[in-house]
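Here the structure comes first, spelled out in structure tokens, and everything after it is commentary.
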Amino acid sequence: MVELFMLADFNPTDPLEVFRFTPWRECTWLGETWGHLDAKTSGFESNGRALPRPKIQVSNVQNAIGSIVKLYDDLLGATLWRYRTLENYIQTGSAEMLIVEEWQIQQKTSQDNLVIEWELSALDLENKQLPGRSYQAIYCASQYRSPECGYSGLPVADINDQPTSSPALDDCGRKIGSCRLRFGDNAELPIDIQPGLQT
């Protein structure tokens, strides 16, 4: 099992800026580069009585992440996506993801020249189920043109997958065919559906 992390929603002037890292080793997965950065997590498990308040410690050796921490208010309020998948899926470039969780950086609990630690919380503390990502059998749950979607190109098609060059009409139908229109027939698609959920 490999953990990968994507930090998003920290730069108010560029909402699409993200920071991807993994404690495993530098790799390319889903068409993106995940840099190596030592990290340790704890407290993600729920006891069934209360939502967990997990913590993540990230190496700050050589100011690896300290610069964006200083620039963006300790990253408070930023979204941290936690992906857990198998090493084999990364090596084969498979889009299969076993677990995806969405967390918010609540507070920075410590920082020195070696390590920065944050406490995380679920984005919506009421009526929240974990992992914090809902899967659907037919429609993609990712927001179009968001960091997890990954598409930032020219307008392609409207919500019914009809071709358009108009930014006002450009929208995603949230199906596999919609994703292929944007990334191509032979690309690994970042689409977030689980066909196995169909009954």
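The values are calculated or read from the model by the stated rules, or taken from the named source; none is laboratory data. Bear in mind that the values here come from a model prediction, so they are computed numbers and not experimental data. Every residue, glycine among them, receives a Cβ derived from its backbone with ideal geometry; neighbour counts consider all protein chains shown. The protein model used for the area step is the full one, side chains on, heavy atoms only, and it has no ligands, DNA or RNA in it. Shrake-Rupley method; radii C 1.70, N 1.55, O 1.52, S 1.80 Å.
Tell me which aspartates and glutamates have Cα within less than 13 Å of LYS40's Cα, excluding those fewer than 8 residues away on the same chain?
Reachable aspartates and glutamates: GLU3, GLU117, GLU119.
Give me the dipole magnitude in Debye, nearest 20, for segment 1-104 about the Cα centre, with unit charges on the beta carbon: positive for Lys and Arg, negative for Asp and Glu.
Numbers: 9 positive and 14 negative charges, 76 e Å.
Dipole of segment 1-104, to the nearest 20 debye: 360 debye.
What does the charge add up to near SER59, with Lys and Arg as +1, Asp and Glu as -1, over the other residues with Cβ less than 12 Å from its Cβ?
Details: positive: LYS40; negative: ASP38, ASP112, GLU117.
Charge balance in the 12 Å sphere: -2.
ARG25 to ASN160: extension gain in nm, 0.36 nm per residue of separation minus the Cα-Cα distance? Walk me through the numbers on the way to the answer.
On the way: separation 135, 0.36 × 135 = 48.60 nm, distance 3.99 nm.
Roughly 44.6 nm would be gained on extension.
Report VAL61's accessible area, 1.4 Å probe, all protein chains in place, as a number in Å² to the nearest 10.
Per-residue accessible area (VAL61): approximately 80 Å².
At what distance in nm do the modelled label points of THR13 and LEU114 sit from each other, each positioned 7 Å from its Cα along Cα→Cβ?
Distance between label points: 3.5 nm.
Could you please report the charge total around PRO167, scoring K, R as +1 and D, E as -1 over all other residues with beta-carbon less than 15 angstrom from its beta-carbon? All intermediate terms of the calculation are to be shown ahead of the outcome.
Values: positive: ARG145, ARG182; negative: ASP158, ASP170, ASP171.
That works out to -1.
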